[in-house]
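All remarks here apply to the structure that follows.
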Amino acid sequence: MGVTTACVKRAFRYRFCPTDAQAAELSRTFGCVRKVYDLALAARTQAWARQERVNHNQTSAMLTVWKKTEELAYLNDVSSVPLQQCLRHLQSAFATFFAKRAKYPRFKSRKKSHKSAEYTTSGFRFRDGRLTLAKIGEPLDIVWSRPLPEGAKPSTVTVSQDAAGRWFVSLLCEDASVKPFPANRNAVGIDVGLDHLLTLSTGEKIANPGHERKDRARLALAQRRLAKKSNGDGANRAKARRKVAKIHARIADRRRDGLHKLTTRLVRENQTIVIEDLTVRNMVMNRSLARAISDVAWSEFRYLLECKASWYGREVIAVDRFFPSSRLCSACGTLREKMPLNVRTWTCDGCGTTHDRDVNAAKNILAAGPAVAVCGAGIRPQRSTPGGQSATKQKTPRREP
């Protein structure tokens with residue numbers, strides 16, 4: 001992961017303000033993309049029931065036939081590039097399903113699905129900082145909040161609209177300006193939490209900003225008003241739904257901004273970063289902690305950290321989730337049998353050292369990192385240590401099957 005290529009592909013996302021005609025055309029494109037995706041998924045599902053396999057080339061041929069029918073003739077009114085791209089996305093979804101990395105692909109809902117359309121180089125023109133999409137007409141009025149890399153040429157362009165009604169355009173470019181940071185010998189262990197977002201092995205604790213908690217009252221009020229609206233597609237209900245979406249968007253934007261700043265700092269300062277390999281999707285099943293866990297966004301934090309580490313020549317090591325970092329004394333290696341969540345400080349029975357629970361866990365995670373890097377597997381010290389055994393036995397790594 002520490003090896004960085006000459007160029008990395010990065011997506012640069014910007015907001016834009018479409019004209020009424022552009023908004024109508026893009027909305028029509030979104031609907032056609034959703035329709036083609038659902039038709040192709042239905043065809044592949046029916047074939048699967050007959051124990052047959054349908055690949056991308058066959059669905060592409062189906063699209064040509066659908067366009068010639070009277071019922072689906074409106075598919076010819078939009079660019080064919082996003083329609084072909086959605087078939088490629090469906091093929092990728094089935095590939096991950098057959099590889100057992102995801103569930104079976106689902107149909108797109110008109111109200112709940114993400115509205116987007118992807119254009120390849122044949123479907124757009126980018127000249128002198130002006131982007132024009134096929135069958136859209138005028139160039140998009142993009143708010144260039146930051147410049148693209150010098151000489152960058154987008155390979156794909158994705159146009160989307162979120163639930164709050166905001167329009168975005170994402171340009172995928174090769175960025176040659178990304179270079180590895182100067183190497184150093186700094187290493188840090190990170191213990192994630194809810195009271196504190198992160199606790200570092202250096203003893204530093206980073207407070208949990210609690211973005212959702214700050215807007216919880218406004219969100220609850222907006223949701224109550226939405227619940228009182230009559231079901232259907234009425235204008236008042238749509239307006240109330242958009243107010244709820246704007247609050248969610250505000251929370252997500254602030255959370256993402258904070259995680260970007262935090263991960264950039266960690267990658268800039270440390271050569272090696274050791275974290276826990278947590279299964280967040282299982283942890284959020286705890287109804288009493290689900291909201292708090294979702295607010296801290298541990299999965300997004302890890303994703304951003306690993307991406308930036310690969311760009312800038314750093315290394316991220318994930319320690320096995322069952323590694324007892326909180327119950328293990330970082331000074332002598334004595335392992336306690338139990339450590340309730342309400343215990344925030346404890347004293348080791350073996351050496352008498354008093355530990356802060358989170359700082360001690362971060363130190364143990366950092367100590368386990370090199371063994372994970374060498375063995376290529378999770379590190380699980382002995383689960384029980386009658387009489388308090390030494391760290392020599394407890395810190396011996398074992399390879400998982």
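The values are calculated or read from the model by the stated rules, or taken from the named source; none is laboratory data. Keep in mind it's a predicted model, so treat the numbers as computed, not measured. Methodologically, a virtual Cβ is constructed for each residue, glycine included, from the backbone with ideal geometry; neighbour enumeration extends over all protein chains shown.
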If Ala102 satisfies all but one of (1) in contact with a strand residue (DSSP E or B) (Cβ under 6 Å, 6 or more places away or on another chain); (2) of a type in the set (A, V, I, L, M, F, W, C); (3) in a loop (DSSP other than H, G, I, E, B), what's the number of the condition it fails? (1)
Can you spot a residue in segment 67-78 that is assigned by TED's automatic domain parsing to the domain that holds Gly165 and under 28 Å from Cys307 (Cα atoms)? no
Kindly indicate whether any position in segment 50-59 is more than 32 Å from the chain's Cα centre (by Cα), more than 25 Å from Arg125 (Cα to Cα), surrounded by fewer than 11 Cβ atoms within 10 Å (Cβ to Cβ) and not basic (Lys, Arg). yes
With respect to Lys108, determine if the residue is out of contact with any Ser or Thr (no Cβ under 6 Å at 6 or more places or on another chain) and closer than 16 Å to Ser160 by Cα. yes
Do we find that Thr279 is over 24 Å from Pro209 (Cβ atoms) and of a type in the set (Ser, Thr, Tyr) in this structure? no
Would you confirm, using the coordinates I've provided, whether Ser230 is small (Gly, Ala, Ser), over 30 Å from Asp356 (Cα atoms) and in contact with a Phe, Trp or Tyr (Cβ under 9 Å, 6 or more places away or on another chain)? no
Can you name every residue in segment 121-136 that is outside any helix (DSSP H, G or I) and within 18 Å of Leu75 (Cα to Cα)? Leu133, Ala134, Lys135, Ile136
Filtered residues of segment 150-162 (kept if assigned to a loop (DSSP other than H, G, I, E, B) and either among the hydroxyl-bearing types (Ser, Thr, Tyr) or surrounded by 16 or more Cβ atoms within 10 Å (Cβ to Cβ) (or both)): Ala152, Pro154, Ser155, Asp162
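In the list Thr64, Thr96, which residue meets the criterion of being over 30 Å from Ala21 (Cα atoms) and not hydrophobic (A, V, I, L, M, F, W, C)?
Only one candidate passes the filter, namely Thr96.
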Criterion (within 27 Å of Arg125 (Cβ to Cβ) and of a type outside the set (S, T, N, Q)) met by exactly one of Lys9, Lys68: Lys9
Hey, among the residues in segment 334-358 that are hydrophobic (A, V, I, L, M, F, W, C) and farther than 26 Å from Ala187 by Cα, which one's surrounded by the fewest Cβ atoms within 10 Å (Cβ to Cβ)? Leu341
Inside segment 93-129, the number of residues satisfying the requirement of being more than 30 Å from Asp141 (Cα to Cα), surrounded by 12 or more Cβ atoms within 10 Å (Cβ to Cβ) and among the hydroxyl-bearing types (Ser, Thr, Tyr) is 1
Only one of these is surrounded by fewer than 20 Cβ atoms within 10 Å (Cβ to Cβ) and either under 29 Å from Pro180 (Cβ atoms) or not assigned by TED's automatic domain parsing to the domain that holds Leu200 (or both): Leu278, Leu266. Name it. Leu278
Which residue, of Ala361, Ala331, Ala318, is closer than 14 Å to Val274 by Cβ, at pLDDT 85 or above, of a type in the set (Gly, Ala, Ser) and surrounded by fewer than 18 Cβ atoms within 10 Å (Cβ to Cβ)? Ala318
Segment 163-215: number of residues that are crowded, with 20+ Cβ neighbours inside 10 Å, in contact with a helix residue (DSSP H, G or I) (Cβ under 7 Å, 6 or more places away or on another chain) and part of a strand (DSSP E or B): 8
